[in-house]
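Since the structure comes first, as structure tokens, the remarks are kept for the end.
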Amino acid sequence: MDYPKVPQEINNIVEDNVKLLAQIFPSAVKDGQVDFEALKEELGQFEEVDKEKYELTWAGKQDAKKKAQEDVYNRTLKYIKEDSKNPETTENIYIEGDNLEVLKMLRPNYYGAIKMIYIDPPYNTGNDFVYNDNFDMSGKESDITEGTRDDEGNPLQKNQQSTNRFHANWLNMMYPRLKIAKELLTDDGVIFISIDDNEVENLKKICNDVLGEKNFIACVIWERAFSPVNLKKHFSESHDYIICYAKNIDNLTCNGLPRSEEANDRYSNPDNDPRGNWASADLSVGPAIQSNIYEITTPSGRKVFPPSGYSWRLNKERYFEFLKDDRIWFGDKGNGVPRIKRFLSEVKQGITPMTIWKHQDVGHSQKASQDLKKLFDNNAYFTYPKPIELIKRLLELYSNSDSLILDFFSGSATTAHAVMQLNAEDDGNRKFIMVQVAEETDKNSESYKAGYQNICEIGKERIRRAGEKIKQEIEAANAQLKLGEEPRQVPDIGFKVFRTADTNIKWNLYDALGQLDTSAMTHTPDLADFTMGFSDIDVVYEVMLRQKDVPLSSTLETLTDISSRTYLYGSAYLVCLETEITEKLIDKLAALDPLPIKFVFRDSAFKDDINLKDETFRRLKNLIERNSGLAKKTYTVEFI
């Protein structure tokens, strides 16, 4: 009997895409293969008139497309408990590793789950590092030998302007990351990308290619500096850009910016209108519409026409409706030019943002550096962080109170800080996933001397310190509350840390017929199934990476009433790593209430008892199907 196996691969992107295509164009997919001629006909392309077409291309684009579809073999995410904060309760995640590799590992469980992505990638100034994406080798040694990684195994190299593929190298780095990022976004999701003049044109073109030109929202100009650098020969650049795209702009809603007290103060109620405060707006508008030019008589008897070249904003019938509803204002003495009353209660609460963001509103680079320096006891450990206020504005515009936020070039973790800060201010429950490669700090830098040997160490410490600062501020404010005032809640300031690592599972223990290769089992049972230095927790997380819709933040508990090596993940997935399965153990598992939706066992734990394995599979599978319904095909029993 063929039993379901935990798949070795994490993604099968090509197969997933073919299935999606079959849903849209069934006639274009036959026996699992794409009929490209039929697909072209479905798209209305019945004849190729001219092979030339408008498109963005560069040296290496085809390879970049392949990189986006390749899986990451024999790799996993290792849980680092000692670096985590409040791991039992937090829903926040920090991942150390190359972001393309990490994005691919996140894809099965976070497909269509991320509401907002913000990234601040290398700007390609000639001194920035870009990533080498070579994940098909078993370890780092061959990469180091070939020079594609540095001596510490970091997959980075400088992209010098002298190279003849200067822009192409950057595009090849960005393209596959954006492809996977798009798949992680919710249908109403949005991505923001910081960039400067070096690659802004190419970034917009590549986003048009990946996300679709119609999904472009805006190119925001952020005033990152306000003092000129007089050493500049021509112009002193004072701005960066933030490119904004939607996953599907038809589904996207902008929350708008919160109304300021200053804006609300413009409203008053001089006539004691029961509908509350209001402000008057001009009743005339240009250019003139002839039918809307008519005489209005004020309460004082004065006859009024709209100014020359203008007409009234309302037609005559609509004007009298407004007049009857007391929505026309003629001034305190009833003799003024008529104006429309706009009530604060009826005004859109979210202010539509403009595309130029001044430093007074969202901060600037110098302030961001100063704020981070204060957080680290007046030590400058990171250069050019983004202001918290800038990221908070992005969150205010397009995130909901419970949104999941991703930053896969997280740097000093400004995005995580901004998420926690906004949650503290509006009582939200946003969650974050930060991803950062462990790029070394300069050995002569203050950060290295202080013990922060890579950027990840700075980012994690920043989250810890920022969280504690937020907690202290809330507790101090709660201590000053007056009778009857509600205390503020401390948001989730914890995070679970993961690090990319080689697999813990020996996947290839089966012969060509699919039978267990007992000749490989020359060691203890654990070393026959798993790699040297593994832990049970590492194996459980690796198995969970191959499931669907199971967040890394889910709970993990040991079911000590069952056995010492049986684990329940997310209150739904049971992973049993016992070296020997018995009928008594299966009886305990079958009696669990509530029943898990999936059971995972070690193949080797059944020894040669095929009958017990068969009975275990049938019994538990039947129980699962009875509880969850036959339609849920993924809920089953699997083996590793």
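Where a number appears in this text, it was derived from the coordinates with a stated rule and is not lab data. Here the structure is a predicted model, which is why all the values come from computation and not from measurement. Positions of Cβ are generated from backbone atoms using ideal geometry, with glycine treated the same way; all protein chains shown enter the neighbour counts.
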Worksheet entry | Under Karplus coefficients 6.51, -1.76 and 1.60, residue-wise ³J(HN,Hα) of region 455-460 in Hz, glycine/proline x | 4, 4, 5, 5, x, 5
Practice prompt. Work out how much length Phe25 to Thr579 would gain on full extension: take 0.36 nm times their residue separation and subtract the Cα-Cα distance, in nm to one decimal.
Written response: 194.7 nm
Worksheet item: Loop-only check: which GluC sites (Glu not before Pro) in region 277-364 are DSSP coil with at most 14 other Cβ within 10 angstrom?
Response: Glu295
Worksheet item: What are the residues whose amide H is under 5 Å from the amide H of Lys598, where those residues sit 5 or more places off or on another chain and H is modelled from the backbone?
Response: Leu574
Fill in: Considering only the chain, percent of DSSP beta bridges that pair antiparallel, nearest 5
60 percent
Discussion item. If a paramagnetic tag sat 7 Å from the Cα of Ser236 along the Cα-Cβ line, which residues of region 365-396 would have the backbone N under 20 Å from that point?
Written reply: 365-370, 384-385
Item to complete: Pop out the ³J(HN,Hα) list for region 201-215 in order, Karplus 6.51 cos²θ - 1.76 cosθ + 1.60 with θ = phi - 60°, rounded to Hz; leave Gly and Pro as x.
Response: 5, 5, 4, 5, 5, 5, 5, 4, 5, 8, 9, x, 4, 5, 8
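Which ordering of Glu42, Glu486 is given by a fewest-first count of other beta-carbon atoms within 10 Å?
Glu486, Glu42
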Response to the item:
The lysines whose Cα lies under 27 Å from the Cα of Lys621, excluding any fewer than 8 residues away in the same chain, are Lys5, Lys19, Lys506, Lys548, Lys584, Lys588, Lys598, Lys607, Lys613, Lys632, Lys633
Practice prompt. Based on the mean of other Cβ atoms within 10 Å per residue, sort peptides 69-81, 226-238 so the most packed one is first.
Written response: 69-81, 226-238
Practice prompt. For region 389-495, calculate the relative contact order in percent as a whole number, restricting contacts to Cα pairs under 8 Å that are 6 or more residues apart.
Written response: 27 percent
Response to the item:
Between the modelled labels at Thr383 and Asn264 (7 Å from Cα along Cα→Cβ) the distance in nm is 4.4 nm
Practice prompt. With θ set to phi - 60°, apply the Karplus curve 6.51 cos²θ - 1.76 cosθ + 1.60 along region 12-18 and write out the HN-Hα couplings as whole Hz, x wherever there is a Gly or Pro.
Written response: 10, 5, 4, 4, 4, 5, 5
Discussion item. Give the lysines reachable from Lys303 as a straight Cα distance under 28 Å; neighbours fewer than 8 places away on the same chain don't count.
Written reply: Lys316, Lys324, Lys333, Lys341
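What's the exposure ranking of His167, His359, going from fewest to most Cβ atoms within 10 Å? It would help to have the intermediate numbers written out before the result.
Details: His167 17, His359 20.
Taking fewest neighbouring Cβ atoms as first place, the list is His167, His359.
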Discussion item. Please compute the length gained on full extension between Phe343 and Asn255, using 0.36 nm multiplied by the number of residues separating them and subtracting their Cα-Cα distance.
Written reply: 29.7 nm
Worksheet item: Fewest to most neighbouring Cβ within 10 Å: what's the order for Phe495, Phe382, Phe376, Phe599?
Response: Phe376, Phe382, Phe599, Phe495
Worksheet item: Based on the Cβ-Cβ distance of Ala288 and Asp587, what FRET efficiency does E = 1/(1 + (r/R0)^6) give at R0 = 60 Å, to the nearest 0.05?
Response: 0.10
Practice prompt. For region 426-482, please report how many Lys pairs fall under 25 Å Cα to Cα, leaving out neighbours fewer than 8 apart on the same chain.
Written response: 10
